[in-house]
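Student: Let me begin by handing over the structure; questions about it come next.
The values are calculated or read from the model by the stated rules, or taken from the named source; none is laboratory data. Note that the coordinates shown come from a computational prediction; the quantities given were computed from them, not determined experimentally. Cβ atoms come from the backbone with ideal geometry, glycine included; neighbour counts cover every protein chain shown. Remember, those area values only see protein heavy atoms, side chains included, never the ligands or the DNA or RNA. Shrake-Rupley method; radii C 1.70, N 1.55, O 1.52, S 1.80 Å.
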Amino acid sequence: MSGQNGEPKSGILKELTWRDMIKQQTHQEELDQVLSEGSVSLYCGFDPTADSLHAGSLLPIIALAQFRRHGHKPMALVGGATGLIGDPTGKSAERELITEEQVQKNIDGIRVQLRTILDRALEMHTDQLSDDVKNALHEPTPIVNNADWMKPWSFIDFLRDVGKHFKVNTMLARDSVKDRLENRDQGISYTEFSYMLIQGYDFLHLFKEKSCALQIGGSDQWGNITAGTDLIRRTESKSAFGLTLPLLTNSQGKKYGKSEAGAIWLDAERTSPYEFYQYWYNLDDEDIPRLMRVFTLLPEEEVDALSAQIESKNRPQQVKEKFAHEVTWLVHGKEAADKAVRVSKMLFGEEISGLTDKELADLFKDAPSFELEAARLESGVPIADLLVESGMQKSKGAARRLLKQNGVYINNKRFGQEERDVTREDLSSETMLVLRAGKKNQCVVKIV
RNA sequence: GGUGGGGUUCCCGAGCGGUCAAAGGGGCCUGACUGUAAAUCAGGUGCUUAGGCUUCGCAGGUUCGAAUCCUGCCCCCACCA
């Protein structure tokens, strides 16, 4: 009974629909039927282009988790083979090849993240889960690597068995290829051109070996996904399905997952849980309801209530705190998320004083820190020097400007415009002080 | 290969012998107002020991003086074959 106008009957599609997480799908009704009849195996691929995933990858990860929460069997695929080739989709120019060692290193990194987040998604809001699902929670979500089945192929075999099923005519019509062909000085290499054969074959392989009937991915992956469903239909005469997720942009049309400072990584070393939390907290109010549906596992009623609250401007901070906490929890764990909330309250609150080193160090574990020799403090350190040496400002000129604009704070207390020296008086605990530049940049200065 | 137009500070883009550290816009930063939001407003946005110093594709040259003129080189774009 699903279809353009109908309600899907499978639990998972119902969920993804109200969350607005479906961009396109192949054979809607048939897919809905299959998903409502029983447990379906599915997968989503992740490119090993870096040793950490970033916030953009969170969407497919959550989607996989949602399937799992509805009793299906998701898998994550890391592209050990495809990563060596490079996906031309959405790229205006040929990419540099990544070395094999680098790809391996990247795979190791993102594997851990996938595992952690996928597992954690099963521990959150468990009251929504059916008993069957709860009983199966201890089974980890499988993570496969396409290098395992791609590497053994010989070129000739691959061309005969896979290449034969792809028409260059069709491949040439794809936007990602067309753009590159029409732009004379940014052609496409045979290597990248072949990318879709590999991704298409991955699907066939998983279909045969793991009964994988569905591939999901970002909306840019539509072409690559249908390459797989087509290949399966052609060689196996069976249906396989594809589903893509929407490309999320904010009210200004910008993509998520990037801040001015760069990408928001899922790796705590690259983007600390505190920064991660702050990223979500600081997004536009307007975008929060939409994002809450997509990036949290909160149930519908709760999302609706919170959305209504933020829309009516009734203590919107509460809603944002909840939202940012949920996302941080999913990625970094509850403890880290709780702490991010505490640190944030501390930082955006009153003057910092009366804390011990231990408390301060604990609160600011994620914040950058800088060590200053005790002797220098005794004689006094010019504030501009401190700002530059701690890395908060890149030149003294910039430090002076900031000062003049009233943007320097020590222990959350405005420093004033005068260029005086920082001394022992400025410590907030035994050996530390908190230096802040502007609203959101702080650094712990430790005396050693 | 031929012809024409270009490469300017994070980006776009003006400047075409001194008054240019270089208009304007975007971005970014800071402040005010708020709510750590958005919108709005104000200021800032090469380095500096504040006297200077280094920047306008690269290398030379002309000149008292060059981003601006000349020569060579590199790269890009457009049209033609």
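Student: Just for chain A, what percent of DSSP beta bridges are antiparallel, to the closest 5? Before the final figure, lay out the partial values.
Tutor: Details: 19 of 41 bridges.
So the antiparallel bridges amount to about 45 percent of the total.
Student: Cα atoms only: what Rg and Dmax, in Å, come out for the range A:362-447?
Tutor: Rg and Dmax of the range A:362-447, Cα atoms, are 11.6, 33 Å.
Student: Now for a separate question. Let me have the 222 nm mean residue ellipticity of chain A computed from DSSP H runs of 4+ only, each contributing -39500 (n - 2.57), with the sum over all residues rounded to the nearest 500. Present the calculation step by step, with values, prior to reporting the outcome.
Tutor: Numbers: 22 runs with 212 residues, N = 448.
Only helices count here, giving -13500 deg cm²/dmol.
Student: Moving on to the next point. Which value results for Rg/Rh of chain A when Rg is the Cα radius of gyration and Rh the Kirkwood radius based on the inverse mean 1/r? Provide the component values of the computation, followed by the final result.
Tutor: On the way: Rg = 25.5 Å, Rh = 24.5 Å.
On the Cα set of chain A, Rg over Rh gives 1.04.
Student: Enter the accessible area of A:LEU181 (Å², nearest 10), with the probe set to 1.4 Å and all protein chains included.
Tutor: Counting only protein heavy atoms, A:LEU181 exposes about 90 Å² to solvent.
Student: So what is the orientation-averaged projected area of the range A:1-142, using the convex hull of its C-alpha atoms, in nm²? Don't jump to the answer; show the numbers that get you there.
Tutor: Working: hull surface 39.0 nm².
Over all viewing directions, the range A:1-142 projects a mean Cα-hull area of 9.7 nm².
Student: By what distance, in whole Å, do the Cα atoms of the range A:258-346 stretch along each of the three principal axes, largest value first?
Tutor: Extents along the principal axes, in whole Å: 36, 27, 26.
Student: Say we join alpha carbon atoms closer than 10 Å with springs in a Gaussian network model of chain A; which of A:MET196, A:MET150, A:MET21 then has the biggest fluctuation?
Tutor: Highest fluctuation among the options: A:MET150.
Student: Exceeding 22 Å between C-alpha atoms, which entries from my cross-link table qualify? They are A:LYS105/A:LYS365; A:LYS73/A:LYS134; A:LYS322/A:LYS345; A:LYS320/A:LYS404; A:LYS404/A:LYS439; A:LYS322/A:LYS413. The partial results should precede the final answer.
Tutor: On the way: A:LYS105/A:LYS365 27 Å; A:LYS73/A:LYS134 13 Å; A:LYS322/A:LYS345 13 Å; A:LYS320/A:LYS404 33 Å; A:LYS404/A:LYS439 15 Å; A:LYS322/A:LYS413 28 Å.
Distance filter (> 22 Å) returns A:LYS105/A:LYS365; A:LYS320/A:LYS404; A:LYS322/A:LYS413.
Student: Ranked highest first by average number of other Cβ atoms within 10 Å, how do A:276-282, A:407-413 line up? Walk me through the numbers before you get to the answer.
Tutor: Working: A:276-282: 21.6, A:407-413: 19.7.
Per-residue mean Cβ counts within 10 Å order the peptides as A:276-282, A:407-413.
Student: Using protein chains only and a probe of 1.4 angstrom, how many square angstrom of A:HIS54 are accessible, to the nearest 10?
Tutor: Probe radius 1.4 Å; accessible area of A:HIS54 about 70 Å².
Student: Please report, in whole Å, how far the alpha carbons of the range A:4-245 spread along each principal axis, starting with the longest.
Tutor: Extents along the principal axes: 55, 39, 32 Å.
Student: Something else now. Averaged per residue, what accessible surface does chain A expose to a 1.4 Å probe, in Å²?
Tutor: Details: 21720 Å² over 448 residues.
Per-residue accessible area for chain A comes out at 48 Å².
Student: May I pose another question? At a 1.4 Å probe, what is the % contribution of carbon and sulfur to the accessible area of chain A? Walk me through the numbers on the way to the answer.
Tutor: Numbers: 10230 of 21720 Å².
Carbon-and-sulfur percentage of accessible area, whole number: 47.
Student: May I ask for the percentage of alpha-carbon pairs in the range A:200-326 that lie more than 18 Å from each other?
Tutor: Values: 5114 of 8001 pairs.
The calculated P(r) of the range A:200-326 puts 64 percent of pairs beyond 18 Å.
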